[in-house]
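**Q** Got a structure here, written out as structure tokens. Questions coming.
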Amino acid sequence: MTANINSEKKKAVTPATRRSSPRRWPWLLAAATLLGGGAALWQSTRPAPLPEVPISRTQRGTLTRTVTGVGQVRSEASAQLRFLSSGKVSEVLVKVGDRVQKGQLLARLDSTAQERELAAALAAVRSSRAEVSRAEAEAVKAAGEVERLRGELPKAGADVSRAQAEVERAAAEHQRTRGDVAKAEAELARARAELQKARQTAGDAGHERQRTVDNAELALASASAALSTAEDRLKLQSKLQAAGSASPLEVRTAQNERDEAARKIRQAQNELSRARNASATASAASAVTQAEAGVRVAQTALTQAQMAAGNRAGLEQAQAGVLSARTGQKQAHLAVRQAANGVTLAQAGLRQARANLEAALLKADEQRRALAGLKLYAPASGVVSAVNVVAGGAQPNDPAIELTDPSRLYLEVPFDETRSTNLKVGQSAQVRFDALPDRLLTGTVQRLDPAAQITGQVARLKTRIALDAAQVGAQIRPGFTAQATVTTLKQDGAVLVPLEATREEGGTVSVWTLRPDAKGGQVGEPPITGTAHRVTIRVQARSANQAAVSGVQAGEWLMSPYPEGLTEGQPVRGVQAVAAGPGAGMVTTQGRIAP
């Protein structure tokens with residue numbers, strides 16, 4: 001066949017052919033001219049091409065917004081146990097993985113020194129209690145002595161009252177005797193007038209004799225009065241000495257005065273006897289003697305009245321009794337004050353003893369706690385997750401033993417502050433563990449910390465996600481790392497549009513739709529021709545790349561991204577838009593189309 005083709009080609013270029021070719025060139029040139037003119041005419045009369053815009057259908061589906069974070073597993077019942085006292089580890093009774101019950105002994109420290117200190121503290125408590133008992137007895141005794149002395153105060157006051165009454169009685173008696181003196185003086189003046197008259201009658205001879213006798217009698221009366229006064233003073237000084245108010249010297253002085261008065265009275269008696277033995281006229285002497293006797297009687301009465309008025313011994317004795325009674329009263333009050341001071345001292349001693357006892361009890365309690373702190377007990381049932389001590393070793397700075405309750409695990413996720421604003425309690429979460437990448441667990445936001453924690457210049461909000469207890473197995477342990485995706489928004493049955501297809505101007509959000517015309521081509525899939533129309537919409541919710549809106553219906557053609565330079569009703573040709581994937585970053589959003 002190839003040979004035939006070649007032969008035909010050779011035949012086409014034979015001389016004969018060449019000779020006939022010039023005849024067809026004009027025709028060919030005319031045809032070309034007609035064809036070029038027709039093409040130019042068609043090019044000038046055909047319509048301009050329509051602008052192309054990317055379009056996609058609006059869909060009805062579910063708008064979902066999530067926030068993702070990485071956290072660690074914690075246990076609500078986890079406990080880091082430390083010894084309350086320091087010392088050397090003597091025994092460790094558990095190992096990692098052991099299940100323990102509440103109150104079970106886990107480990108203990110050496111207690112030799114603490115037991116010795118506790119014994120000393122208990123001995124101090126016993127000693128302090130004995131001291132408190134002694135101080136209480138002293139306080140009771142001192143209080144009883146105060147009451148006894150206070151009971152004697154009324155008696156001392158009564159003694160003072162009686163002594164004052166005696167002084168008043170003695171003063172009244174002294175006042176009465178002063179009236180007796182006035183009467184005795186008047187009687188003596190009358191007697192002396194009678195004597196003067198008798199002497200004038202007796203004459204001058206007997207006058208001298210009588211005067212001698214009178215003088216002797218007066219001297220005798222004076223000596224008698226002096227003796228009586230000296231004896232009374234001696235009695236008073238003796239009583240005062242017995243009461244402790246007079247000295248022995250004062251008593252001896254009073255005795256000497258009494259002896260001297262007795263000597264003078266004997267001398268006066270002798271002088272009177274000699275004067276009376278002198279001779280005189282019997283009648284004159286008798287008259288004079290009678291008058292003299294009257295004078296002597298009056299003089300004696302006056303002397304006695306004067307002695308009674310001048311005798312202050314009773315008054316002075318009564319006053320001394322008042323002084324003594326008041327002294328006794330003062331001494332009684334002083335004794336009460338001294339006893340009260342004794343009570344104060346006893347009570348101070350009791351308070352100090354009780355304070356010492358309290359200090360000793362506190363010390364003993366402290367030693368008991370220290371001794372109890374040498375033992376480590378399980379505060380709750382659980383599993384031993386860490387043992388950081390060995391028998392014979394020193395107590396570590398880290399917790400000695402750690403316990404966890406595997407049935408009460410939760411995930412603690414520190415979300416960045418920019419991604420935590422929409423987190424709420426009760427939101428659902430999906431959890432995937434690094435150690436179990438093939439397992440996807442569900443959880444629920446259980447708690448949000450009230451305040452964010454700042455690390456460096458980044459603020460994070462700790463969020464507790466409760467794990468489904470039915471899904472948590474023995475492979476998940478406290479400290480495991482997991483990624484949690486929390487659904488913060490879920491709106492079903494929403495009309496979804498791409499955010500790039502929307503524009504907000506002056507608070508109004510709008511999109512461009514394509515309304516297909518009758519001859520727009522296939523209505524089912526682009527390319528589609530039609531007219532452009534701007535529609536105002538209301539955004540109900542947003543995700544990272546989509547929005548749930550009202551104002552357009554599901555299935556309408558939407559221009560995406562938002563076109564520039566279009567006018568209302570302008571014809572356009574819609575082509576298939578390129579689908580955009582979810583946004584990058586820790587916060588992801590997606591639109592899921594409802595079937």
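**Q** From the list Gly69, Gly97, exactly one residue is assigned to a strand (DSSP E or B) and either out of contact with any helix residue (DSSP H, G or I) (no Cβ under 8 Å at 6 or more places or on another chain) or small (Gly, Ala, Ser) (or both). Which is it?
**A** Step by step, each of Gly69, Gly97 is checked, and only Gly69 is assigned to a strand (DSSP E or B) and either out of contact with any helix residue (DSSP H, G or I) (no Cβ under 8 Å at 6 or more places or on another chain) or small (Gly, Ala, Ser) (or both).
**Q** Determine whether Arg276 is over 30 Å from Ala158 (Cα atoms), modelled with pLDDT of 80 or more and among the basic types (Lys, Arg).
**A** Values: over 30 Å from Ala158 (Cα atoms): yes; modelled with pLDDT of 80 or more: no; among the basic types (Lys, Arg): yes.
It is false that Arg276 is over 30 Å from Ala158 (Cα atoms), modelled with pLDDT of 80 or more and among the basic types (Lys, Arg).
**Q** While we're on this one: Does Asp438 satisfy being among the charged types (D, E, K, R), farther than 16 Å from Gly69 by Cα and in a strand (DSSP E or B)? Steps first, please.
**A** Working: among the charged types (D, E, K, R): yes; farther than 16 Å from Gly69 by Cα: yes; in a strand (DSSP E or B): no.
So Asp438 fails the test.
**Q** Further, regarding this structure: For Gly565, which of the numbered conditions (1) at positive phi; (2) of a type outside the set (A, V, I, L, M); (3) assigned to a strand (DSSP E or B) fails to hold?
**A** Of everything listed in (1) at positive phi; (2) of a type outside the set (A, V, I, L, M); (3) assigned to a strand (DSSP E or B), Gly565 misses just condition (3).
**Q** Identify all residues within segment 94-120 that are open to solvent by less than 80 Å² (accessible area, probe 1.4 Å) and over 27 Å from Pro379 (Cβ atoms); write none if there are none.
**A** Ala119, Ala120
**Q** Free of Cβ contacts under 8 Å to residues at least 12 places away in the same chain, of a type in the set (S, T, N, Q) and open to solvent by 50 Å² or more (accessible area, probe 1.4 Å): does that describe Gln453? Don't jump to the end; show me each part of the working.
**A** Values: free of Cβ contacts under 8 Å to residues at least 12 places away in the same chain: no; of a type in the set (S, T, N, Q): yes; open to solvent by 50 Å² or more (accessible area, probe 1.4 Å): yes.
Taking the combined requirement at face value, the residue does not satisfy it.
**Q** Filter segment 463-487 down to the residues that are at pLDDT below 75, open to solvent by 40 Å² or more (accessible area, probe 1.4 Å) and closer than 30 Å to Thr62 by Cβ, then identify the one that is farthest from the chain's Cα centre (by Cα).
**A** Taking segment 463-487 first, the residues at pLDDT below 75 are 469-470, 472-475.
Retained after the next criterion (residues that are open to solvent by 40 Å² or more (accessible area, probe 1.4 Å)): 469-470, 474-475.
Still in the running and closer than 30 Å to Thr62 by Cβ: 469-470.
Details: Ala469: 42, Ala470: 46 Å.
Applying the filter and picking the extreme gives Ala470.
**Q** What are the residues in segment 488-501 that are modelled with pLDDT under 90 and either under 14 Å from Ala544 (Cβ atoms) or in a loop (DSSP other than H, G, I, E, B) (or both), if any? Even if it seems obvious, please write down each step before you answer.
**A** Start the filter on segment 488-501 by keeping residues that are modelled with pLDDT under 90, which leaves 488-491.
Scanning segment 488-501 gives Thr488, Leu489.
**Q** Moving on. Any chance you could count how many residues in segment 208-263 are of a type in the set (Lys, Arg), at pLDDT 85 or above and within 18 Å of Ala191 (Cβ to Cβ)?
**A** The total comes to 0.
**Q** Could we say that Val445 is closer than 30 Å to Leu50 by Cα and in a strand (DSSP E or B) here?
**A** Details: closer than 30 Å to Leu50 by Cα: no; in a strand (DSSP E or B): yes.
No: the conditions fail for Val445.
**Q** Does segment 252-268 contain any residue that is closer than 25 Å to Arg192 by Cα and open to solvent by less than 30 Å² (accessible area, probe 1.4 Å)?
**A** yes
**Q** Looking only at segment 146-190, which residues are buried (at least 17 other Cβ atoms within 10 Å of the Cβ) and either closer than 30 Å to Ala346 by Cα or under 60 Å from the mean Cα position of the chain (by Cα) (or both)?
**A** Scanning segment 146-190 gives Val146, Leu149, Ala156, Asp159, Val160.
The values are calculated or read from the model by the stated rules, or taken from the named source; none is laboratory data. Every value quoted in this text rests on a predicted model; they were computed, and no experiment measured them. When we count neighbours, we look across all protein chains shown, and the Cβ atoms used for this are built from the backbone with ideal geometry, even at glycine. For accessibility, only protein heavy atoms count, side chains too; no ligands or nucleic acids. Shrake-Rupley method; radii C 1.70, N 1.55, O 1.52, S 1.80 Å.
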